[in-house]
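Step one of this worksheet: look at the structure below.
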Amino acid sequence: MEFSIRIATKDDMPAVLALIQELADFEKEPNAVEVTREQLVNDGFGDTKKFHCFVAEVKNEVVGMALIYPRYSTWKGPVVHLEDLIVTDRCRGMGIGDALLNEVVKYGKQQGVKRIQWEVLDWNEGAIRFYERKGANVMRDWDVVQLDEKGIDNYLRNLQ
């Protein structure tokens with residue numbers, strides 16, 4: 001089956017949101033998605049663009065996406081962070097994930113970044129093997145650290 005990769009548009013955000021939900025379901029966090037279509041449109045296409053997104057299409061249907069944004073490394077300089085690379089379950093194995101990652105890497109090179117970075121769940125062995133085959137260094141000795149919205153509020157409350 002043929003597919004194409006292109007830069008996402010505002011009109012793609014409902015399909016992008018559906019893919020984000022599919023990923024949350026796969027990662028056993030079905031109730032974790034709080035972002036809305038409107039927020040994706042505003043954040044991706046507003047005055048201050050917060051992310052860049054590629055989509056994969058089969059027969060004019062969005063079946064995959066890669067969402068990236070800029071970061072900065074104090075050790076290396078400019079970095080691109082790959083937040084999510086998602087291919088809908090029924091379209092896996094067609095090379096769409098490869099093609100999306102290829103676009104992300106080409107984009108990073110064009111932007112002059114020193115590193116492209118992302119996380120993968122330690123139990124997602126299929127994704128880990130995919131990334132390692134592509135030459136990525138899966139750093140198993142690092143832990144992801146986050147403050148969610150409630151954590152931010154609690155942190156600031158404790159400062160007072």
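A short reminder: the numbers here are calculations on the coordinates, not readings from a lab. Everything quoted here is computed from the prediction, not taken from an experiment. Note: ideal-geometry Cβ built from the backbone for every residue, glycine included; neighbour counts use all protein chains shown.
Using the Cα centre as the reference, give the magnitude of the dipole from point charges on the C-beta atoms of the chain (Lys, Arg: +1; Asp, Glu: -1; all else neutral), rounded to the nearest 20 debye.
Numbers: 21 positive and 27 negative charges, 157 e Å.
Dipole size: approximately 760 debye.
Computed packing ranks the peptides 27-36, 57-66 as 57-66, 27-36, most packed first, by mean other Cβ atoms within 10 Å.
Counting every other Cβ atom within 10 Å of each residue's Cβ, C53, C91 order from fewest to most as C91, C53.
Exposed loop positions in the chain were taken to be chymotrypsin sites (Phe, Trp or Tyr not before Pro) whose DSSP state is not H, G, I, E or B and which have at most 10 other beta-carbon atoms within 10 angstrom. Between these positions, the longest stretch is 1-74. Our helix-only sum for the chain, with -39,500 (n - 2.57) per DSSP H run of n ≥ 4 divided by its residues, gives a mean residue ellipticity at 222 nm of -11500 deg cm²/dmol.
K76 sits among other residues whose Cβ lies under 12 Å from its own Cβ, and their net charge, with Lys and Arg +1 and Asp and Glu -1, is +3.
Scanning the chain for DSSP H helices at least 30 Å long along the axis (C-alpha atoms) with a Kyte-Doolittle mean no lower than 0.0 picks out nothing.
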